[in-house]
1. Among the lysines, which fall within straight-line cross-link reach of residue 307, defined as a Cα-Cα distance under 23 Å, with same-chain neighbours fewer than 8 residues apart omitted?
2. Pull up the cross-link candidates among the aspartates and glutamates for residue 45, meaning alpha carbon to alpha carbon under 12 Å and not fewer than 8 places away within one chain.
3. Just to be sure I follow: if Rg is taken over the C-alpha atoms of segment 330-371 and Rh is the Kirkwood radius over the same atoms, what is Rg/Rh?
4. Which net charge results when you count Lys and Arg as +1 and Asp and Glu as -1 among the other residues whose beta-carbon is under 13 Å from that of residue 372?
5. When the solvent-accessible surface of protein heavy atoms is calculated with a 1.4 angstrom probe, in what order do 617, 189, 347 fall, highest first?
6. Please state, rounded to one decimal and in Å, the Kirkwood hydrodynamic radius that the chain gives when every pair of distinct Cα atoms enters the mean of 1/r.
7. Which value, in Å² rounded to 10, gives the accessible area of residue 61 with a 1.4 Å probe and all protein chains present?
8. Keeping all protein chains in the complex and leaving out DNA, RNA and ligands, what accessible area do you get for residue 215 with a 1.4 Å probe, in Å² to the nearest 10?
Amino acid sequence: MAPGTVQLNIFAWNQKLTKYVKDGQPEKAIQLFQQMQQEGVTPNKFTFVPLINACAGLGALEGGRRVHEQLIQSGCESDVFVGSSLVDMYAKCGSIKDAWSVFNKMPLRNVVTWNAMVLGHVKCGQGQKALELFQQMQQEGVRPNSVTFVGVLNACASMVAYEEGRSVHEQIIQSGCESDVFVGSRLVDMYTKCGSLEDAQRVFNIMPSRDVVTWSAMILGHVKCGQGQNALKLFRQLQQEGVQPNSVTFVAVLNACASVVALEEGRSVHEQIIQSGCESDVFVGSSLVDMYAKCGSLEDAWRVFHKMPSRDVATWNAILGGCAMHGHGREALKHFEQMCEEGVQPDDITFVCLLSACSHAGLVDEGMCCYAAMVTDYMISAKLEHYTCMVDLLGRAGHLQEAENMVMAIPCKPKVAAWMALLSTCRIHGNVEMAECVAKQILELEPDNAAGYVLLSNIYAAAGNRHLCENVERQRMEKGVKKQQGCTWIEVNNEVHTFVVGDQDHPQMNEIHGELQRLSGLMHDAGYVPCTKFILHDVEEEEKVSHVHHHSEKLAIALGLINTAPGTPLRIRKNLRVCEDCHTSIKFISKIVGRAIMVRDANRFHHFEDGICSCMDYW
Ligand SMILES: [Zn+2]
Ligand SMILES: [Zn+2]
């Protein structure tokens, strides 16, 4: 064969190989390479690069290693393109060690080489190392490009490294990459994950073009920062701008609906999901189940659940979590059995759902069995959430000593959440002595834990010790610890309204107060006595006696009553636990107005109907 023919031949082979990789058929590229070797064609660097990329795409570490060996023999190893592909392949296949060994041996490295290293470390969860590489590459005079920035921003987001993220942002502005839609989306994502919605909004507003990824990052960011209502507004804006939502967007907006109990909005999103064909996506389906359960409609949650073509552990967790929140303990246990029969392996979240289901329903023995099964049968080691559920379970049932022993024995640290659960149960059982010890433990671990102060002062107030109660309050104020503000959401006629204590901002405020006045009269006639000994109840900024009438949940209920037809059930969401007085009042109101009122508080659902609550006053 003439040398010219060989040249031509290898060129044709390589072209074919590259085309397979570009078309997303890496297996075919590898087959072609084998054929090429059988026919005795000597590969060159233009053969190796697409081939290594094919292995990277398949995550085929062993195949990649074999190609690596062959290219050493062919003497291509020192080529910068070949080397960069190797680094990328090893990093993508999860072998950072091999990536480093190639990287260190390379005589010359370009931005592609460095990017492969940076992205590889991000992917392996080594964000800090990725940032170091980013510094190092610049010291060596290599200018980062948009791919580098995307990688580094992901690193900052994963580590919640706000300051680093800001300084990367500055470099992005200097490099002129800010208008790149991928970089912009990552900036939005990084800022929301670092909890700075203002920065995210600023980037978002000046982006010349935004894609569905950008919008999804914004929506999810708002949900995560507790701004469900604004997340819903963003979703409407996205639709007005004609952007087609994808499954990630739908999951984010369903989370938003769940967070503010926007059932009607959730239903309309569900319709759009059906139209878009995303309904069979297991991730979307599980979020629908979760949304319906959290919006108070277990029937709808079950309907979606049964229609799903496939269900994974997240789907089951959503429905079990729903049962737990609604206080259906036995049902949760029954469905857990079914889950196991269907061959779905439970995870640690499954057991959090089960244990809290047992706790909310007062099923102590069953809860103990679940806990034992988790540790011995399923080999899942208990995390703080599980211990906290157990403390709650034991404490509520009156086994305070066992609950305390449990907290003492918890190996994980810090265990403030478990101490808090114990303190709450001390409140339920009026155990002042234990409460004092527990509160001391909490405030030692977290001196600015507002809930610790508030619970303790409540306990003193409940025991009638005004002096000690005021003492605790004074200590809290001296330390400058602020209470968490109570906030309630209600969806009325497809619009979500937000209320905080003593709110005066709502346009219908006069009517709301009128309605509360009217109800107050009827409640007194029906035998309601204001629960003044709990004035300092719970974790909120509600100190004055007059405020008891103005708790955010009462304002929300009044709004719902005056704006909906008689008989319409009301659904509200409160960010903190509902207080004793509100709980009693809502029982009276449900009977007086003849309506079902569902309140989802920080712990669970309360279904008020005809003067009774589904929690049987046990929360
Ligand atoms: Zn209240
Ligand atoms: Zn209740």
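1. 294, 334
2. Leaving aside aspartates and glutamates fewer than 8 places away in the same chain, those within reach of residue 45 are 77, 79.
3. In segment 330-371, Rg relative to Rh is 0.95.
4. Net of charged neighbours comes to -3.
5. The most accessible residue leads, giving 617, 347, 189.
6. Final number for the Kirkwood radius of the chain is 28.1 Å.
7. Ignoring ligands and nucleic acids, residue 61 comes out at about 40 Å².
8. Looks like 0 Å² after rounding.
The values are calculated or read from the model by the stated rules, or taken from the named source; none is laboratory data. Remember, predicted model here, so these are calculated numbers, not experimental data. Positions of Cβ are generated from backbone atoms using ideal geometry, with glycine treated the same way; all protein chains shown enter the neighbour counts. Surface areas here come from the heavy atoms of the whole protein model, side chains and all, with no ligands, DNA or RNA. Shrake-Rupley method; radii C 1.70, N 1.55, O 1.52, S 1.80 Å.
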